[in-house]
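Report on the following structure.
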Amino acid sequence: MILSRANRMKTKLQSSLEASFLEIEDVSHQHAGHAAMKGNTAGETHFNVKIVSPKFDGLNPVKRHRLVYDALAEELQSGLHALSIVAKTPQEEEVVAAKK
Amino acid sequence: MATINLSSLQTSPSLHFLSLCSSQNTPTLSFYSHSKPFPTFSLKPFTATVKFKPRSFVIPAAFKPLAETELVTVPLTENEFNSKMPSDCGIYAVYDKNNDLQFIGISRNIGASVFSHLKSVPELCNSVKVGVVDEPDKASLTEAWKSWMEEHIKATGKVPPGNESGNVTWVRQPPKKKADLRLTPGRHVQLAVPLEELIDQLVKENKVVAFIKGSRSAPMCGFSQRVIGILESEGVDYESVDVLDEEYNSGLRETLKKYSNWPTFPQIFMNGELVGGCDILTSMHEKAGIVVHMFLFAILNLTVMPTSSSWSNPPFLGAKNCGMPLALVDARIASPYRGQLEDRKKLDVNIFLLVFRSVCKTLLEARLCSGAKRLIHVVA
């Protein structure tokens with residue numbers, strides 16, 4: 001059985017970043033018409049990713065996003081076009097939760 | 001033929017009812033407001049001994065004729081300014097030191113308009129007459145403005161110099177959009193240096209560079225558009241490069257991905273370093289204002305930075321006690337840079353503080369971001 005890209009992404013992020021929280025949302029339909037998507041038939045191209053991982057600790061946003069991109073390198077090669085990433089450490093997530 | 005320059009209150013004015021009189025030397029008139037477009041209206045020439053036709057418009061009674069309005073000397077302190085200059089809709093007349101009327105303007109926020117005049121042409125702003133218009137629709141405002149203009153023209157036979165055509169002293173010019181940068185002279189031109197080097201030069205020579213899809217005036221992807229929007233709203237002077245331009249930036253997309261080790265677009269560089277894409281820029285914008293981030297980047301790129309021990313040494317201790325550098329480090333905006341801050345070798349504290357204060361002050365004066373206000377508060 002061929003797994004959907006979302007599922008593959010989930011597995012990859014989970015294993016490489018030891019995510020304590022991971023949410024992936026396919027928003028490809030929102031970008032279906034845009035210029036850079038012409039001729040792209042892959043379907044699953046745009047995702048929102050929210051990920052909480054201890055591996056982000058001490059890293060600036062650029063480095064955090066790079067970790068995510070690195071984990072998904074194969075997907076980016078094969079038609080994944082863009083990600084919207086929220087990358088937090090467990091501590092930061094606790095602070096957010098405490099505020100609520 | 002006389003013309004009127006209207007920087008209108010709304011984007012597409014239809015002020016054809018404005019059959020304003022003008023003298024024989026056919027001056028043209030302009031009035032000030034905040035929005036960008038400057039449509040031009042043609043008016044019939046008119047004799048200088050002005051007689052006004054009765055109008056169907058009812059002029060709201062909340063403002064007095066120009067001659068009866070109190071002349072207020074422009075206050076210099078901010079508090080006074082805020083209390084004396086209403087932030088209401090209305091009209092205002094600016095006088096110079098010799099009490100010569102320089103300009104009659106119309107505004108959605110009189111205080112803000114006068115403030116911006118005061119900043120751009122302080123030598124011409126000595127005192128101001130203000131007329132608040134109760135019904136702030138376009139027609140009432142324009143009528144009010146006209147009545148003052150007519151009164152002045154009637155009394156002096158002259159149009160206020162600032163309202164003459166071609167005089168742009170009082171009118172905020174729409175920011176000119178820069179052109180997108182091109183990396184190469186064209187697809188078929190053999191490059192003398194590798195593309196990668198061109199990118200490297202570009203991002204190092206310019207403070208802020210945004211690699212976007214489409215041009216800055218017509219971005220072709222939502223993320224690029226948001227990035228442009230944020231940079232513009234922060235008033236950042238930036239360069240843009242269209243990665244989809246196959247003619248002049250051929251091969252840029254793949255090369256840039258490798259150069260920056262970043263697989264998607266847009267990409268924003270500040271001081272030669274990748275800041276990130278749309279997500280990161282958006283969160284910077286929300287947290288503190290990009291300008292503060294730019295400043296932090298600038299500090300981080302200084303060769304002189306405090307060691308961790310110097311934070312607790314005088315005179316840095318004083319700074320620490322007043323919230324600095326904790327302000328920097330703990331204002332959350334800086335937390336990702338904590339490590340970098342402490343890595344740096346040495347700092348001339350006084351220079352650092354001087355620079356920091358002056359940057360914050362500049363930011364604050366330019367009203368560029370609330371983050372600066374917070375920062376200056378702790379250092380001032």
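Quick notes
- For the stretch B:184-203, filtering for residues that are in a helix (DSSP H, G or I) and either within 12 Å of another protein chain (Cβ to nearest Cβ) or out of contact with any Phe, Trp or Tyr (no Cβ under 9 Å at 6 or more places or on another chain) (or both) leaves 3.
- All positions within the stretch A:58-82 that are facing chain B (nearest Cβ under 7 Å) and touching a residue at least 24 places away in the same chain (Cβ under 8 Å): A:61, A:82
- Looking across the stretch B:195-204, the residues that are out of contact with any strand residue (DSSP E or B) (no Cβ under 8 Å at 6 or more places or on another chain) and without any contact (Cβ under 8 Å) to a residue 40 or more places away in the chain come down to B:197, B:198, B:201.
- All positions within the stretch A:83-98 that are among the β-branched types (Val, Ile, Thr), surrounded by 18 or more Cβ atoms within 10 Å (Cβ to Cβ) and more than 9 Å from chain B (Cβ to nearest Cβ): A:89
- Residue check, residue B:324 buried (at least 18 other Cβ atoms within 10 Å of the Cβ) and at pLDDT below 75: yes
The values are calculated or read from the model by the stated rules, or taken from the named source; none is laboratory data. All values derive from a computational prediction rather than experimental measurement. Note: ideal-geometry Cβ built from the backbone for every residue, glycine included; neighbour counts use all protein chains shown.
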